[in-house]
Every structure is written in C-alpha cells, then in structure tokens.
1. Could you tell me whether the range 64-77 includes any residue that is farther than 24 Å from residue 194 by Cβ, among the small types (Gly, Ala, Ser) and at pLDDT below 90?
2. Which residues, taken from the range 33-88, are under 22 Å from residue 210 (Cβ atoms), open to solvent by 20 Å² or more (accessible area, probe 1.4 Å) and of a type in the set (Gly, Ala, Ser)?
3. I'd like to check something: does the range 134-146 contain any residue that is surrounded by 23 or more Cβ atoms within 10 Å (Cβ to Cβ), modelled with pLDDT of 95 or more and not acidic (Asp, Glu)?
4. Find the residue count for the range 89-117, including only residues that are in contact with a helix residue (DSSP H, G or I) (Cβ under 6 Å, 6 or more places away or on another chain), assigned to a strand (DSSP E or B) and buried (at least 24 other Cβ atoms within 10 Å of the Cβ).
5. Can you spot a residue in the range 210-228 that is under 23 Å from the mean Cα position of the chain (by Cα), within 30 Å of residue 83 (Cα to Cα) and not β-branched (Val, Ile, Thr)?
6. In the range 267-274, is there at least one residue being among the aliphatic types (A, V, I, L, M), more than 30 Å from residue 144 (Cα to Cα), modelled with pLDDT of 95 or more and over 21 Å from the mean Cα position of the chain (by Cα)?
Amino acid sequence: MSLGNPAKGMLAAAVLAAAALFAAPASAEIKNLEIIAPANAGGGYDQHARAMQQVLQDHKLASSVQVVNIPGAGGTIGLSQFVTAKKRNPGLMISGLGMIGAILINKSPVSLDQVTPLARLTGEYQPIVVAADSPLKTLDDLVRKFKADPGSVSWGGFAVGSPDHILYGLLVKAIGGDVSKMNYIAAGAGGEMMASVLGGHITVATGGYNEMASQLQAGKLRALAISAPQRLPGIDVPTFKEQGVDVELVNWRAVMAPGNLKASEKQVLDDAVSAMVRTDDWKRIAAERGWIDLYLPPDQFAAFVKDERTRIEGVLTELGLVK
C-alpha cells in the first residue's frame, strides 16, 4: 500500500489548517463569565449588565454569563468585592460616573487603579421628576420652593456623590442656592427610587430617562427638566438650559476588567466587548433605552477615566461634598 507523497500531505494539512483558522470566529467564546452590577436590580448598572449578558450569549461571544448584584455605598462595595475576589472564572464589572464620586466621598479603600478599564459603553441624560399629583408643575415651581424653604425639598438620588447628587448640586448652584442646605436623600435606584417619589416620601427624583420612561408615559410621573444640551428626539421634556438654568450632565456607563490581566486575557475580553457593541442587537437595546453610544476602547477609556477622576473631584470639592 502506497503512503503517497509526504510533501503533498503536509501541504494539504497546512491548507486545511489555514482554512480552519480563517473560518473561525474573530473572538473566542468566553466561558462562565460573571458580570457584577454594583447596585440593586433595575438601575442603570443592572440594566447594562443584563443587556451585556443577553447580547454576549446570543452572539456566542460568551457562554454561561451570570449577573451578580452587589449593592451598597454607591457601587464601592461591589468594587471592593470585585478587586479582592479570587476566582478562576473570568469576570467583569459595570462602572460609571457615579462610582468615581462614591470612591472619593466614601474614602473607599479600593479604587479604579486596581481594575483594568475595558470600555466606555454609553451615556444617559437625566430628567428631574415629581409625582403626577405633585403641586410642582414646572422647574420654576421647584426653584421657588427651594429658595423659600430649602429644607422643604427632599432630593432623591442613588447615593451620596452619585451623578444624581451632582446634578442636584449643579442645579442649586446654578440658581444661586446654598448647596449645604440641600436635603439629599439616598433613595436607591430604579424601582426603589420611583416608589419613594410616587409615595410622596421624596419631593423629586432623578436617574436615567429609561428608568422612569414607563411611569412618565403612563402619566404617573411628570418631568420638570432634562440634563441634555438640547431636547432629545421623541422625548417631550424641556432642558434645563431652555428654562434659563445653565446645567448639563451626561451619566456615562462602562465595563471594567480585573487588574493585573495578562495581555492575552485583556485582548480576549476587549475582542468580545468591541464585537458586542457593533451588533445590531446592542444598538437596538441602546436605542430602546435612550442610551447614547459613547464607546471607547481600553487605551482611550483608561485615559478618559484618569481625566474624569480629576474633573469629578473638582466638581465635588466645589459642591462641598469632598474636602
């Protein structure tokens, strides 16, 4: 029996190997991925984690993706557990503007220096809302109420130093009020905060537009203003600026990877996330939820985080939240 020409056999094997290589998907599937949402269910961190879970699995970029909610201290409890965890499975953590403030205000023993910035994902503009039966009909009503009696207004937000807190502080400063007299209530996020404002336990609430869109559309809430530079398409809410109040804020959300990653490990995670944000499914979810595409890849995002930390520390110091 003839064994044939060895050179031809080797050439054929090489051709088959090359074909298999180029036929393979650009990103290897990540197995048993855990995504930490450092907040309760329903808020922006949680929504981003579950959107990632859905798209990564549906597009076979990752399998067995689990979302774990670790609320508390503006996200810093989740950050602490993410930094100190000793797990074999790969992990990611949702982060954002609010975590930078929470780290500073809570004097957190862990910081974003101990994680790997992987990607900035999206941003949201924030409305300030009241219950539909509130006597406050306009932003001017709210301003007058605060100026007449600052303690009579309770400002509900996610946590001390969160984007919610920063937005209120910017508003009070813009109207010439005293930030130290703000009655800020850390009312949680998502459904927890909505229940507080609907039940009359807090005067006003804020958060990502999507978190309260259904209640606004159902007429249960009324939006007094939104923190966008101009009106958003399809959203009939006046901006602060068009009402004569110079306030603008975008709450960005991002994903972090563990610190001290090997270059190859970071590349696998980068490939998966960059592929995810290019999918039509991710773009559809973002559009449905009013998320603005603010994607930045690892190196650009790391530089952004460094600059943002400096900027937010300055804002919080000016507002008297950090000394």
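1. First, pick out the residues of the range 64-77 that are farther than 24 Å from residue 194 by Cβ: 64-66.
Next, only the ones that are among the small types (Gly, Ala, Ser) stay: 64.
From the residues that got through so far, the ones that are at pLDDT below 90 too are none.
No, the range 64-77 contains no residue that is farther than 24 Å from residue 194 by Cβ, among the small types (Gly, Ala, Ser) and at pLDDT below 90.
2. Passing the criteria: 41, 42.
3. Taking the range 134-146 first, the residues surrounded by 23 or more Cβ atoms within 10 Å (Cβ to Cβ) are 146.
Keeping just the survivors that are modelled with pLDDT of 95 or more gives 146.
If we keep only those that are not acidic (Asp, Glu) too, we end up with 146.
Among the residues of the range 134-146, at least one is surrounded by 23 or more Cβ atoms within 10 Å (Cβ to Cβ), modelled with pLDDT of 95 or more and not acidic (Asp, Glu), which makes the answer yes.
4. 2
5. Yes, the range 210-228 contains at least one residue that is under 23 Å from the mean Cα position of the chain (by Cα), within 30 Å of residue 83 (Cα to Cα) and not β-branched (Val, Ile, Thr).
6. The first filter runs over the range 267-274 and keeps only residues among the aliphatic types (A, V, I, L, M), leaving 268-269, 272-273.
From the residues that got through so far, the ones that are more than 30 Å from residue 144 (Cα to Cα) too are 268-269, 272-273.
Applying the additional criterion that residues be modelled with pLDDT of 95 or more yields 268-269, 272-273.
With the extra rule that they be over 21 Å from the mean Cα position of the chain (by Cα), the set shrinks to 268.
Within the range 267-274 (the criterion being among the aliphatic types (A, V, I, L, M), more than 30 Å from residue 144 (Cα to Cα), modelled with pLDDT of 95 or more and over 21 Å from the mean Cα position of the chain (by Cα)), the answer is yes, since at least one residue qualifies.
The values are calculated or read from the model by the stated rules, or taken from the named source; none is laboratory data. Keep in mind the model is a prediction, meaning the values are calculated, not measured. A quick note on method: Cβ atoms are made from the backbone with ideal geometry, for glycine too, and the neighbour counts reach across all protein chains shown. Remember, those area values only see protein heavy atoms, side chains included, never the ligands or the DNA or RNA. Shrake-Rupley method; radii C 1.70, N 1.55, O 1.52, S 1.80 Å.
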